[in-house]
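The values are calculated or read from the model by the stated rules, or taken from the named source; none is laboratory data. Values in this document were obtained by computation on a predicted structure and should not be read as measured data. Cβ sites come from the backbone with ideal geometry, for glycine too, and all protein chains shown count toward neighbours.
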Amino acid sequence: MSRTLTRSLQVVVDLLVLSVALWLAFLFRFEFRIPREWAHVALTRWPFVIALTYAVLLAAGVHRYAWRYISLREILRIGPAVALAALVLAVVRLVSGDITPDRVLSLPLGVLAMYTVLAFLLLVGARATRRVQGEAQERRRRATDGTRHRVLLIGAGQAGVMVARELAGRPDLGLDAVGFLDDDKRKVGTHIGGLPVLGTSDQLVEIAERKRAKRALITIASAPGADIRRIALRARDAGIDTKIIPGIYEIVGDRVNLSRIRDVAIEDLLGREPVSLDEAVVAASLRGRTVLVTGAGGSIGSELCRQVARYAPARLVLVERFENALFEIHRELRHAFPELTLDARVADITDATRMGHIFRQARPDAVFHAAAHKHVPMMEENPGEAIKNNIGGTRVVAQLAAEVGVGQFVMISTDKAVNPSSVMGASKRAAELQVQAVAGTGPTRFVTVRFGNVLGSNGSVVPIFKEQIARGGPVTITHPEMSRYFMTIPEASQLVLQAGAMGKGSEIFILDMGQPVKIVDLANDLIRLSGLEPGRDIEIEFTGVRAGEKLFEELATDAEHADKTQHPKIFIGRIAAADRAAVDAQLAALLAAADRASGDELRAALRALVPEYKAPRPGMARGETPIAGTPAVTEAAPDNTPEAAGAADAARTTRASGATLAVVS
């Protein structure tokens with residue numbers, strides 16, 4: 001049936017419904033025996049009352065609602081439209097006084113009251129009938145359509161109801177929800193969102209078999225990792241395809257974007273709690289401002305861009321050296337935030353001339369410095385590049401930020417900067433010293449945010465393991481006891497924004513990272529999520545610890561103590577700053593030597609700058625001396641005041657009690 005014909009039929013039905021409502025109102029008013037004179041009144045008023053009522057419905061846009069998908073939202077809009085028409089008629093009746101033949105809109109108030117109620121009920125009833133009819137047709141079609149999939153929804157909370165509603169309105173997805181599973185036994189046996197709660201998640205296999213469901217969808221926006229692992233592995237063993245809805249930060253308003261439903265991922269098994277931000281503070285630091293992000297095409301940089309864009313900055317400047325990565329994030333943001341002014345700049349942060357042009361033209365209010373070399377083994381082989389990019393690039397960007405008067409500068413660092421055992425970690429600690437050296441030279445608030453490993457970042461352990469699994473194995477791990485702290489990319493980025501908004505200048509922020517994860521456990525989970533069994537389908541091989549690697553990442557040095565902030569997941573690491581002039585001289589000498597000195601010489605210079613750097617010292621063993629002009633600079637000893645001693649004791653107590661803190665950068 002054509003759209004025009006459908007609309008015409010709907011108009012006819014609406015006019016018929018309103019007519020029936022009016023005549024029923026007269027019949028009810030006179031107990032089904034309408035006197036002759038009142039029948040004449042009804043007949044003369046009928047076309048005018050119906051025309052007025054329908055005109056109000058048209059003005060309210062009721063005709064635009066699809067009958068086939070009528071919902072409570074549309075019903076609640078029909079009511080006010082009918083009430084407005086009744087109000088107009090009531091005003092006419094009260095102003096006109098007596099009912100006379102020439103007053104064609106004047107109705108008895110009793111008739112008007114009943115007409116209003118009946119018109120609303122019949123208009124809604126006509127639409128509900130069409131919806132029921134359409135759903136019955138759809139059920140009959142689905143019963144004979146082999147492409148449909150019966151799915152169980154695990155989690156009958158708010159997110160689950162949202163998913164059920166979205167699935168009902170999207171028959172094109174080929175998913176028919178047959179019911180909920182929920183571990184709240186009080187819900188079992190009830191109906192929620194139009195679907196029965198069939199049992200608990202422990203009964204997944206049994207209920208799936210009974211309901212002939214071959215798919216399950218985890219509809220818990222913030223499910224604990226242990227629960228997801230239990231459900232996913234149980235479903236896998238039973239041959240049930242399991243998906244999961246997006247995290248709570250991806251749910252907007254009262255809708256779940258069903259295109260974001262995905263396979264259960266390793267991030268879900270970690271069970272990190274959603275980050276709660278002080279939205280007002282973060283928004284005040286970003287809304288209506290010009291924000292510049294370096295490394296905008298990288299894993300952290302691109303997510304920072306997405307998160308910043310949510311707060312409606314006046315302009316977002318994307319700085320990235322790799323054009324393909326820059327093209328992708330620019331295209332994504334342009335599609336997701338069409339009103340946002342984007343400025344994509346291909347640039348190398350070590351190029352002071354190019355970066356100076358960008359900063360002076362953009363005049364950013366806030367800078368998030370995420371560009372860096374991060375791969376430990378690669379930087380061990382190329383120490384000069386680590387020094388030029390991580391230290392030299394930071395020096396260029398930080399000095400330009402101070403020069404143009406940027407309000408807020410946030411540098412992304414790493415937990416590998418704590419007692420570093422690698423060139424990469426030492427270079428990031430030196431970059432922190434560089435930021436501290438520039439801090440205080442102008443109005444810019446410089447802060448550093450350190451954090452541990454992020455899941456799924458480019459070149460990180462998860463993508464590498466997935467690649468190895470796809471090839472059939474083996475999965476290679478350096479040591480069976482290797483462990484790391486992990487967080488998700490969105491979580492890290494959100495906390496960077498929060499820390500940046502909180503910073504007053506020169507702080508190094510620390511994140512509560514949760515418990516460390518053994519890499520071998522991570523590998524086992526990934527193999528099982530791929531539908532395979534470790535040791536049987538995919539072998540795990542241990543290759544030995546590489547140069548610069550630690551078995552366990554450290555979260556704070558002995559010279560640090562952690563102070564609480566207003567955010568429960570963010571702490572401040574108090575690190576005694578080195579002498580600014582001496583650090584600046586060392587950094588300048590180190591950068592000048594980056595292209596000409598040997599790897600051993602560069603490592604020796606890094607040790608002089610970062611005494612806690614614990615790299616092998618092959619060059620020094622042969623009597624080699626540090627690069628000229630780079631005298632050792634050590635961090636000042638902790639303050640010996642009672643207050644400082646108390647803070648240090650508190651930090652030691654915190655670490656001893658099992659709380660795990662990581663520096664956010």
Candidates VAL178, VAL188, filtered to the one that is of a type in the set (Val, Ile, Thr), assigned to a loop (DSSP other than H, G, I, E, B), more than 25 Å from TYR65 (Cα to Cα) and modelled with pLDDT of 80 or more: VAL188
Find the residue count for the stretch 513-550, including only residues that are out of contact with any helix residue (DSSP H, G or I) (no Cβ under 8 Å at 6 or more places or on another chain), more than 28 Å from MET379 (Cβ to Cβ) and charged (D, E, K, R). 2
Qualifying residues in the stretch 324-353 (those that are hydrophobic (A, V, I, L, M, F, W, C) and out of contact with any strand residue (DSSP E or B) (no Cβ under 9 Å at 6 or more places or on another chain)) - the one modelled with the lowest pLDDT: ALA336
For the stretch 364-378, does any single residue satisfy the condition of being crowded, with 19+ Cβ neighbours inside 10 Å and more than 24 Å from VAL454 (Cβ to Cβ)? yes
Evaluation of GLY301 against (1) surrounded by 14 or more Cβ atoms within 10 Å (Cβ to Cβ); (2) at pLDDT below 80 (one fails), failing number: (2)
Residues of the stretch 406-453 satisfying the condition of being among the hydroxyl-bearing types (Ser, Thr, Tyr), over 26 Å from the mean Cα position of the chain (by Cα) and either outside any helix (DSSP H, G or I) or not assigned by TED's automatic domain parsing to the domain that holds LYS388 (or both): SER421, SER422, THR441, THR444
Assess whether HIS357 counts as being over 27 Å from SER427 (Cα atoms), modelled with pLDDT of 95 or more, of a type outside the set (Asp, Glu) and not in a loop (DSSP other than H, G, I, E, B). no
Being at pLDDT 80 or above, more than 30 Å from VAL49 (Cβ to Cβ) and crowded, with 17+ Cβ neighbours inside 10 Å is true for just one of ALA85, ALA168, ALA156. Which residue is that? ALA156
Across the stretch 334-354, which residue is nearest to the chain's Cα centre (by Cα) among those that are within 29 Å of GLU403 (Cα to Cα) and among the hydrophobic types (A, V, I, L, M, F, W, C)? LEU340
Among the residues listed as GLU403, GLU380, GLU385, the single one being acidic (Asp, Glu), within 25 Å of MET513 (Cβ to Cβ) and in the same structural domain as SER530 (by TED's automatic domain parsing): GLU380
Subset of the stretch 184-219 [within 20 Å of ASP241 (Cα to Cα) and under 27 Å from the mean Cα position of the chain (by Cα)]: SER201, ARG215, ALA216, LEU217, ILE218, THR219
Go over the candidates ALA39, ALA90 one by one and state the one that is surrounded by fewer than 17 Cβ atoms within 10 Å (Cβ to Cβ), within 55 Å of the chain's Cα centre (by Cα), farther than 23 Å from GLY125 by Cα and not hydroxyl-bearing (Ser, Thr, Tyr). ALA90
Looking for something touching a Phe, Trp or Tyr at 6+ places or on another chain (Cβ under 9 Å), charged (D, E, K, R) and not in a strand (DSSP E or B) - is there at least one such residue anywhere in the stretch 392-405? yes
